[in-house]
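K.L.:
A single structure is presented below for examination.
Just so it is clear, none of the values below were taken in a lab; they were calculated from the coordinates. Quick caveat: nothing in here was measured; it's all calculated off a predicted structure. Cβ sites come from the backbone with ideal geometry, for glycine too, and all protein chains shown count toward neighbours.
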Amino acid sequence: MRTQPKRSSNRPPTARGGHTAPAPTEPKRSSNRPPTPRGGLAPPAPTRLDATFAALRARGERALVTYVTAGDPSLAGTRRLVVEAARRGADVVELGVPFSDPLADGPVIQRAAARALAAGTTLARVLETVATLRAETPVPLVLMTYYNPVLAFGLKAFARTAADAGVDGLIVVDLPLEEADPLDAEALAAGLDLIQMVAPTSPPARARALARRSRGFVYVVSLTGITGERRELPPDLAAQIRTLRLVTTKPVCVGFGVSTPAHVAAVGGLADGAAVGSAIVRLIEQHAGAHDLVARVGDFVASLKQPLRGAGHAGEVWRGSPPPGR
């Protein structure tokens, strides 16, 4: 009786002509993210977002998550703004993929998306910009997008191209949890964190399900409505975060309506991070043609990060309203 030759690999052989084929090798990845383990033999390796939040927690800091619309005022300008934001204190940068029907966005980001689309920005060009940025900054990069551009690109092709470019995470604002499985599977296989959003109207059971599925961090939408600057934070935000803390130990970041250093300071006493978008995009809109645009945005980012340095233990109950926003 013939015996099977001893195999040093635990991968199944490929039968060709009755002979044992060499074990296939992993494809070369241009991304510096570790490959996702297969076969359930080991837990997934920590992602860049995981490492960032762990380092912040060790330093007693909260995360500043900044948002810019990719392609506004130009893709080259976006690169300069992202690098400067990271240099001045942004811990995570969200790149908004411009879309023609931005149903979750207020007028400021709607106008930015329209300008970016008019200038020829596409999802493919945004990914090319990310690949260039990845050589310039180690800051985690999260694409904030609507589902249509991703679906048109192709889920598998998008996830692999995004991971190879150096994208770390995805927020798909109009993709409900019940329909997220196909993209989630491709994102997980590519090593991308798919970040879920918990709304003020999410019942406890749904909040628990969203938090369980979220990777990287959990995005708390602070209010009902669209993105945009607000004068005050919602009075029930502390209770919303306390409720979420009961069902998850993952980092929690708060966005929508967070627009001033005072807002950020208040959020820093409650959550693991604050996300600021419309206030930054409005600043870009106001000074798009100025020679000091990048410096102005950098100064604003630094002012937002300052109250998050040594912000203490996230989860402390904040009481009261911050001063009115500008």
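K.L.:
With a point put 7 Å past each Cα toward its Cβ, work out how far A199 is from E136 in nm, to one decimal.
P.N.:
3.6
K.L.:
Expected output is a single nm value to one decimal: the length gained when fully extending between A152 and A55, i.e. 0.36 nm times separation in residues minus the C-alpha distance. What is it?
P.N.:
Stretched fully, the A152-A55 segment lengthens by 31.3 nm.
K.L.:
Computed over the Cα atoms of segment 46-191, what is the convex hull's projected area averaged over all directions, in nm²?
P.N.:
8.7
K.L.:
Further, regarding this structure: Give me D for segment 100-256 in µm² s⁻¹, whole number, from Stokes-Einstein with Rh from the Kirkwood sum over alpha-carbon pairs, 25 °C and 0.890 mPa s.
P.N.:
D = 148 µm²/s.
K.L.:
Highest first, please rank the peptides 94-104, 62-72 by the mean number of other Cβ atoms sitting within 10 Å of their residues.
P.N.:
Highest mean packing first, the order is 62-72, 94-104.
K.L.:
Compute the distance in nm between two label points, each set 7 Å from the Cα along the Cα-to-Cβ direction, one at A119 and one at D101.
P.N.:
Using points 7 Å along Cα→Cβ, the separation is 2.6 nm.
K.L.:
Where the convex hull is taken over the Cα atoms of segment 128-214, what is its projected area averaged over directions, in nm²? Working shown, then result.
P.N.:
Numbers: hull surface 23.4 nm².
Seen from a random direction, the Cα hull of segment 128-214 projects 5.9 nm² on average.
K.L.:
Ranked by Cβ crowding within 10 angstrom, fewest neighbours first, how are M144, M197 ordered?
P.N.:
Ranked by crowding around the Cβ, least crowded first: M197, M144.
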